[in-house]
1. Can we say residue 66 is within 16 Å of residue 44 (Cα to Cα) and without any contact (Cβ under 8 Å) to a residue 40 or more places away in the chain?
2. Out of (1) open to solvent by 30 Å² or more (accessible area, probe 1.4 Å); (2) in contact with a Pro (Cβ under 9 Å, 6 or more places away or on another chain); (3) at pLDDT below 90, the odd one out for residue 33 is which?
3. Mind checking which residues of segment 61-103 are under 18 Å from the mean Cα position of the chain (by Cα), open to solvent by less than 80 Å² (accessible area, probe 1.4 Å) and of a type in the set (A, V, I, L, M, F, W, C)?
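The values are calculated or read from the model by the stated rules, or taken from the named source; none is laboratory data. Here the structure is a predicted model, which means the values were calculated and not measured. Neighbour counts are summed over all protein chains in view; Cβ atoms, including those assigned to glycine, are modelled from backbone coordinates with ideal geometry. Accessible surface is based on the protein model in full, side chains and every heavy atom, while ligands, DNA and RNA are left aside. Shrake-Rupley method; radii C 1.70, N 1.55, O 1.52, S 1.80 Å.
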Amino acid sequence: MNINNLFLHVFKPALAARMAAEARMVAAPGCEQKPLVALIKRVENAESLRGLVVTSPAAQRLASHVAKTHALTPRQIMNHARALKHEQQDVLRDLMQRSAGARGGSAHARQIAATREVVHAVRHLSWEVRVAPAPALQGNV
């Protein structure tokens, strides 16, 4: 490890994790599928609790990548995940501003909890991609 990589890991750990996840996707294509499917299910759950169909453009692009209708590069996947995180953080901020007087088990509290789960899942996407097993080789084994 050279000094630049050391500084990157020490002072910018999120960027280092993102770059490692991108490298993992290049080295083992398809390893991002399971983490992305889990992330998209969380987004669908959060948005259905808000009474919406998946409206996030970033989530739609990630879903089309998982469905193999529109292939994305590893950098595009991480960029869309980052955009999804920022969208969900904005939604969470709005929900929290309107949460005065919401009870623990109310629908509003469930929306907040589901949105927090999405933000948490996006933050850990790079880790999940890096530790995901490589997809099985297809063909003659």
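1. yes
2. Failed condition: (3).
3. The answer is 62, 63, 66, 67, 72, 77, 78, 81, 83, 84, 91, 92.
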